[in-house]
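Undergrad: Have a look at the structure that comes next, please.
The values are calculated or read from the model by the stated rules, or taken from the named source; none is laboratory data. Note that the structure is a prediction, hence the values are computed from the model and not measured. We place every Cβ from the backbone using ideal geometry, glycine too, and count neighbours over all the protein chains shown.
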Amino acid sequence: MNTKFDWRTLLISPDVSLVDAVEQLDRGAKRILIVVDETDSLLGTLTDGDVRRALIRRIDLKTPVSMVMNTSPRCATVKWSRTRLLSFMEQTDLLQLPILDEQNKVINICFLYDLLKRPRVDNPVCIMAGGFGTRLKPLTDSCPKPMLKVGDKPILEIILDRFIAAGFWNFYISTHYMADMIKDYFGDGKERDIQIRYLNESDPLGTAGALSLLPAAEIQSPLILMNGDLLTNLDFLSLLSEHESMTADLTICLRQYEQQIPFGVVNTEAGWVRSIVEKPIHKYHVNAGIYVIEPQVLSRIATGQRIDMPTLVSELLEDNKPVGYFEVNEDWLDIGRLDDFQRAQKLMMESFSDL
């Protein structure tokens, strides 16, 4: 993959002078600067048009950009899909759009040119679709979990469509339970202008064991592995880019999980109460079920070996191999239980309606 443009070079402090901002605009060649505070929270934007208007008004070039920036710029949230971004930017004639997280911090900049490009990403994608879906019974008595419909599409089709929209075309799907239903629905992928090959588990091999069935000689670039029961708007290209920049053997996607203690927690020491915190919220990073794996890692898995991904990750760490992480800030839902399945229907209408 080509190295992506470093959008952070377009961030600027509000106290920078207009003349220095003009030089930064020229270096960035993107016709925009994003004005942020010390925490990267959005304050405004400065475009070449803002600069021209300032010059027409004969504003001193030593004036800080905070005096001439647009304090109410259009922006998007991390949850917006590619289709929504493209539609909004075309309707508003925008060439650039800041992307914000829930705390109003700038986490990326979207460029119309990048959205209009149709990438072709050769990295293979392996989707694990062989589970029994026991916790979703009775829905899975006659249908494998990845083929349960969310809205009017099977979960697995939604996952594939997300990857295809990002430019991926080379897919492997691991199957076991009701495998024929999956194969009959998707075939070899030619109708979608993609390639699908199946990894048939005669016995369940765990979340990593199916990787031993891959044609190792054909896996020449980092592979994305994803559970087949997830809904997410994750930017897969950003995930790959981050993985490659870390030079990790494996990158694991993480999701922040919050757990509130329903009582006041008392901290004690040496027989004395030191503090009391009422109903504290603890935050954890949990496994999001998505990984990027270097080809050499696959050789660690013996053909037909039953092994789960947490075990594989632990083995890499024990051997002092570099394991990175990528935090998922976008929509993410693990459809493991019946209540999750109901939540998925709502999420589909809110965040995946463009599919």
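Undergrad: Just give me the residues in the range 112-126 being surrounded by 23 or more Cβ atoms within 10 Å (Cβ to Cβ) and more than 16 Å from Asp235 (Cα to Cα), in sequence order.
TA: Once the filter is applied, which keeps residues that are surrounded by 23 or more Cβ atoms within 10 Å (Cβ to Cβ) and more than 16 Å from Asp235 (Cα to Cα), the range 112-126 yields only Cys126.
Undergrad: Looking at (1) over 19 Å from the mean Cα position of the chain (by Cα); (2) crowded, with 16+ Cβ neighbours inside 10 Å, which is the one condition that is false for Lys137?
TA: (2)
Undergrad: Does Glu244 satisfy the criteria of being loosely packed, with under 13 Cβ neighbours inside 10 Å and either assigned to a strand (DSSP E or B) or touching a residue at least 24 places away in the same chain (Cβ under 8 Å) (or both)?
TA: no
Undergrad: Now, a different point. Give me the strands (runs of 3 or more DSSP E) completely within the range 248-354, filtered to those with at least 3 residues that are surrounded by fewer than 12 Cβ atoms within 10 Å (Cβ to Cβ) and without any contact (Cβ under 8 Å) to a residue 24 or more places away in the chain, ordered by residue number.
TA: Once the strands (runs of 3 or more DSSP E) in the range 248-354 are filtered for at least 3 residues that are surrounded by fewer than 12 Cβ atoms within 10 Å (Cβ to Cβ) and without any contact (Cβ under 8 Å) to a residue 24 or more places away in the chain, what remains is 264-269, 272-278.
Undergrad: While we're looking at this one, here's another question. Grab the strands (runs of 3 or more DSSP E) fully contained in the range 169-234, keeping just those with 3 or more residues being touching a residue at least 60 places away in the same chain (Cβ under 8 Å).
TA: Qualifying strands (runs of 3 or more DSSP E): 223-227, 230-232.
Undergrad: I've got another one for you. Does Leu139 satisfy being of a type in the set (A, V, I, L, M, F, W, C) and either assigned by TED's automatic domain parsing to the domain that holds Trp169 or at pLDDT 90 or above (or both)?
TA: Taking the combined requirement at face value, the residue satisfies it.
Undergrad: Here is a further query. Given the residues Leu85, Leu160, Leu116, which is the only one that is without any contact (Cβ under 8 Å) to a residue 60 or more places away in the chain, within 20 Å of the chain's Cα centre (by Cα) and under 21 Å from Ala344 (Cα atoms)?
TA: One residue alone meets the criteria, Leu160.
Undergrad: Cβ-Cβ below 6 Å, separation at least six or inter-chain, first residue in the range 44-59 and within 15 Å of Leu25 (Cα to Cα), second outside any loop (DSSP other than H, G, I, E, B) and small (Gly, Ala, Ser): which pairs?
TA: These pairs meet every condition: Leu46/Ala21.
Undergrad: From the list Arg84, Arg8, Arg27, pick out the single residue that is exposed (fewer than 12 other Cβ atoms within 10 Å of the Cβ) and part of a helix (DSSP H, G or I).
TA: It is Arg27.
Undergrad: Among the listed residues Lys279, Lys283, identify the single one that is under 20 Å from the mean Cα position of the chain (by Cα) and over 22 Å from Leu239 (Cα atoms).
TA: Among Lys279, Lys283, only Lys283 is under 20 Å from the mean Cα position of the chain (by Cα) and over 22 Å from Leu239 (Cα atoms).
Undergrad: Answer yes or no: is there a residue in the range 254-273 that is touching a helix residue (DSSP H, G or I) at 6+ places or on another chain (Cβ under 7 Å), modelled with pLDDT of 95 or more and either not assigned by TED's automatic domain parsing to the domain that holds Arg343 or not acidic (Asp, Glu) (or both).
TA: Among the residues of the range 254-273, not one is touching a helix residue (DSSP H, G or I) at 6+ places or on another chain (Cβ under 7 Å), modelled with pLDDT of 95 or more and either not assigned by TED's automatic domain parsing to the domain that holds Arg343 or not acidic (Asp, Glu) (or both), which makes the answer no.
Undergrad: Quickly run through the range 88-113 and pick out the residues that are without any contact (Cβ under 8 Å) to a residue 40 or more places away in the chain and either among the aromatic types (Phe, Trp, Tyr) or in a helix (DSSP H, G or I) (or both).
TA: Those that are without any contact (Cβ under 8 Å) to a residue 40 or more places away in the chain and either among the aromatic types (Phe, Trp, Tyr) or in a helix (DSSP H, G or I) (or both): Phe88, Met89, Glu90, Gln91, Thr92, Leu112, Tyr113.
Undergrad: Do you know which residues across the range 314-324 are of a type outside the set (Gly, Ala, Ser) and in contact with a helix residue (DSSP H, G or I) (Cβ under 9 Å, 6 or more places away or on another chain)?
TA: Once the filter is applied, which keeps residues that are of a type outside the set (Gly, Ala, Ser) and in contact with a helix residue (DSSP H, G or I) (Cβ under 9 Å, 6 or more places away or on another chain), the range 314-324 yields Leu316, Lys321, Pro322, Val323.
Undergrad: While we're on this one: Return a yes/no flag: does the range 36-50 have any residue that is at pLDDT below 90, more than 28 Å from Trp332 (Cα to Cα) and surrounded by fewer than 13 Cβ atoms within 10 Å (Cβ to Cβ).
TA: Yes, the range 36-50 has at least one match.
Undergrad: Surrounded by 18 or more Cβ atoms within 10 Å (Cβ to Cβ), at pLDDT below 95, on the phi < 0 side of the Ramachandran plot and of a type in the set (Asp, Glu): is that true of Asp229 in this structure?
TA: Taking the combined requirement at face value, the residue satisfies it.
Undergrad: Here is a further query. Please find, among Ala216, Ala208, the residue that is closer than 18 Å to Gln296 by Cβ and over 24 Å from the mean Cα position of the chain (by Cα).
TA: Ala216
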